[in-house]
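Below is one structure, written out as structure tokens; comments come after it.
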Amino acid sequence: MNRHEPAGRDPRPVDPHGPRPQGHCPDGGGPRGAGPHGAGPHGAGIGLRRGLLSGMHDLPDTALDFIEVAPENWIGVGGRFGRQFEALVERFPLVCHGLSLSLGGPAPLDIALLEDVRAFLDRYGACCFTEHLSACSDDQGHLYDLMPIPFTDEAVRHVAGRIRRAQDVLERRIGIEPVSYYAAPGQEMRELEFVNAVLREADCDLLLDVNNIYVNSVNFGYDPFEYLHGIDGARTVYVHIAGHYVEAPDLFIDTHGAPIVEPVWALLDAAYARWGALPTLVERDFNFPPMEDLLGEVARVRRLQSGAQARDPGGARTAGV
Ligand SMILES: [Fe+2]
């Protein structure tokens, strides 16, 4: 379960429509979208969080192939944070991962937010945009947590229509991330059937989070490898990998606050074996370790990507490593 970072807006905001710094997505970014359908990231990266800003500032350019931010946390941010952000975006290709579109929610889509996000993506030359396959708001406001969508035909049509509308406003394809969840209300089909139906009906891309698959497989008692092989992974823009908290043997919580565990690394390698060395981002949202520990996880991602390329040099996707 992901949560918003505090907005911490600076009193001297940046004009989102102002001049664009040097973005340098490997394939140029832009309206075609990402991954299997156009521009996208390559290699291995880390999510940029406020708590990691200073550590990432000191990294050499070769340390990361891309970084990820939530646009909502950076739109209009100026001052010291804004300058640090822009310095990083000039050095590392950027992907954007939204937090608050509430694609599965009942309230009307926030078109003003989508337009601000589009301006942000254009301004910084973002490689791609992804969002969660979840709901996080209703007519009463934001919940600041990512709630599951009922796995029903009606919900497939509802969320797919909203994804298509979001893609129209953003003027690019988007990737959706199936989330970790802890209750499945109104379930008429399996999660896997639901996810694939949404991908097909919306004709959008996929953000494949292997930790979410693992956490959900423990909490709901299914085989994570069977799920992985059933998902429409050819649509993958990039992969998330993260750590979680073990509350009980049958209850894991997706915290992004711990080291990545071996079963999740095994799922990542299985995804590479199936779809090639997909670009992969290490997510760490709190309980930050020394930067060298995170770079150790990035290095392991790169080793697995190199191994996948060595096994299948002509694989469907390459990581640019
Ligand atoms: Fe994720």
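The values are calculated or read from the model by the stated rules, or taken from the named source; none is laboratory data. Bear in mind the structure is a predicted one, so any value in this text is a computation, not a measurement. Note that each Cβ is placed from the backbone with ideal geometry, even for glycine, and that neighbours are counted across all protein chains shown.
Tabulated results
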quantity	calculated
Residue, nearest to residue 107 (Cα to Cα), within region 161-216, restricted to residues that are in contact with a Lys or Arg (Cβ under 8 Å, 6 or more places away or on another chain) and of a type in the set (A, V, I, L, M, F, W, C)	169
Residue pairs meeting the criteria (Cβ under 6 Å; at least 6 apart or on separate chains; first modelled with pLDDT under 95, in region 92-115; second β-branched (Val, Ile, Thr))	103/159; 103/163; 104/149; 104/159
Complete set of residues in region 116-129 that are part of a loop (DSSP other than H, G, I, E, B) and within 16 Å of the ligand (Cβ to nearest atom)	128
Residue in region 202-218 that is in contact with a strand residue (DSSP E or B) (Cβ under 7 Å, 6 or more places away or on another chain), among the charged types (D, E, K, R) and closer than 29 Å to residue 46 by Cα present	yes
Residue within region 209-219 that is within 17 Å of residue 102 (Cα to Cα), surrounded by 18 or more Cβ atoms within 10 Å (Cβ to Cβ) and out of contact with any Asp or Glu (no Cβ under 9 Å at 6 or more places or on another chain) present	no
Selected residue (criterion: surrounded by the most Cβ atoms within 10 Å (Cβ to Cβ)) from residues of region 251-298 that are assigned to a strand (DSSP E or B) and of a type in the set (A, V, I, L, M, F, W, C)	281
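Conditions (1) more than 18 Å from residue 151 (Cα to Cα); (2) of a type in the set (A, V, I, L, M), marked per residue:
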| site | (1), (2) |
| --- | --- |
| 168 | yes, no |
| 176 | no, yes |
| 199 | no, yes |
| 209 | yes, no |
| 213 | no, yes |
| 218 | yes, yes |
| 230 | no, no |
| 233 | yes, no |
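Yes/no matrix, rows are residues, columns are (1) within 17 Å of the chain's Cα centre (by Cα); (2) modelled with pLDDT of 95 or more; (3) not hydrophobic (A, V, I, L, M, F, W, C):
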position	(1), (2), (3)
45	yes, yes, yes
49	yes, no, yes
58	no, no, yes
61	no, no, yes
67	yes, yes, no
73	yes, no, yes
76	no, no, yes
81	no, no, no
84	no, no, yes
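Each row is one residue, and each column tells you yes or no for (1) in a loop (DSSP other than H, G, I, E, B); (2) farther than 20 Å from residue 134 by Cα; (3) of a type in the set (Asp, Glu).
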{"residue": "75", "(1), (2), (3)": "yes, yes, no"}
{"residue": "86", "(1), (2), (3)": "no, yes, yes"}
{"residue": "89", "(1), (2), (3)": "no, yes, no"}
{"residue": "96", "(1), (2), (3)": "no, no, no"}
{"residue": "103", "(1), (2), (3)": "yes, no, no"}
{"residue": "107", "(1), (2), (3)": "yes, no, no"}
{"residue": "114", "(1), (2), (3)": "no, no, no"}
